[in-house]
Structures are given as structure tokens and as C-alpha cells.
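A short write-up of the structure that comes next.
The values are calculated or read from the model by the stated rules, or taken from the named source; none is laboratory data. Here the structure is a predicted model, which means the values were calculated and not measured. Glycine gets a Cβ as well: all are built from the backbone with ideal geometry, and neighbour counts include every protein chain shown. Heads up: the accessible areas ignore ligands, DNA and RNA and are worked out on the full protein's heavy atoms, side chains in. Shrake-Rupley method; radii C 1.70, N 1.55, O 1.52, S 1.80 Å.
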Amino acid sequence: TRDVMSGEVIAFYSGLIIYCESSLRALDRRELSDEEEHFRNMYNIALDIGEEDDNLCIDIPPDLGNDVKRYNATLGHKVNHSFRPNSEFVLFTAHPVLGTIMALTALEDMPAK
């Protein structure tokens with residue numbers, strides 16, 4: 001482990017780039033419970049670029065996102081939510097391989113434990 005400085009990139013978040021209003025499961029016309037809808041969209045994050053109707057999202061299908069043996073190109077989707085966050089997602093436009101993706105950056109200095 002090592003110290004992390006405020007503003008430092010901690011992890012990247014990438015997956016399939018889709019229009020937020022569409023879905024990778026567009027042909028699935030089932031009515032879903034709130035829990036099923038949450039599961040289906042648990043690894044979907046908006047890039048917040050463009051207009052509302054054509055905004056892009058990064059999506060990782062849950063069957064891939066739940067298993068790091070199947071998807072580990074980036075691991076930002078494994079971040080836990082907190083009511084006292086010490087990091088935030090930001091648009092990262094300069095990844096040398098993946099291009100424009102999301103990155104998780106530290107909001108404060110974090111000493112190694």
C-alpha cells in the first residue's frame with residue numbers, strides 16, 4: 001500500500017459506450033421490479049457529455065461486472081458507495097488505450113494503512 005494524494009487517479013471505469021436513453025437490453029420488454037432494474041443498471045454511469053437526449057454512458061453488463069475473472073480491464077466499477085466519500089468520478093479524456101472514460105480521483109489525502 002502507499003499514500004494517495006488529493007486529486008490523484010485511484011482507478012479507471014470503462015466498459016461499453018452506449019446512449020444513456022438506450023439500453024444494452026433494449027429487446028427485453030419485461031416489467032422489472034426496482035431491485036431487478038437496479039441490478040440491470042448497477043454498472044452504468046453517465047459521461048455527462050452532450051445534450052440530455054444524446055448523452056453517453058459507460059455500461060458493463062452485470063454478468064461481466066460481477067466477476068473480475070471475466071472483466072478486469074478497469075476496476076472502478078468495484079468502488080463502494082459512501083455517505084462520507086473520499087473520492088469522486090471525473091471525466092478522464094486522456095487514457096492512452098481506452099480514450100475518454102471515467103476515472104475515480106481522491107478528494108483528500110489518504111495515508112497508507
Scan VAL90, VAL79 and give me the residue that is modelled with pLDDT of 85 or more, of a type in the set (A, V, I, L, M) and within 30 Å of VAL4 (Cα to Cα). VAL90
For region 88-113, which residues satisfy the criterion of being among the charged types (D, E, K, R) and either in a strand (DSSP E or B) or closer than 12 Å to ALA11 by Cβ (or both)? GLU88
Those residues that are outside any loop (DSSP other than H, G, I, E, B), at pLDDT 80 or above and surrounded by fewer than 18 Cβ atoms within 10 Å (Cβ to Cβ), I need them from region 47-63; list them, please. LEU56, PRO62, ASP63
Since ALA106 meets every condition but one in (1) open to solvent by 50 Å² or more (accessible area, probe 1.4 Å); (2) in contact (Cβ under 8 Å) with a residue 24 or more places away in the chain, which condition does it not meet? (1)
Matching residues in region 60-78 - criterion: being within 11 Å of the chain's Cα centre (by Cα) and under 13 Å from ASN44 (Cα atoms): ILE60, GLY65, GLY76, HIS77, LYS78
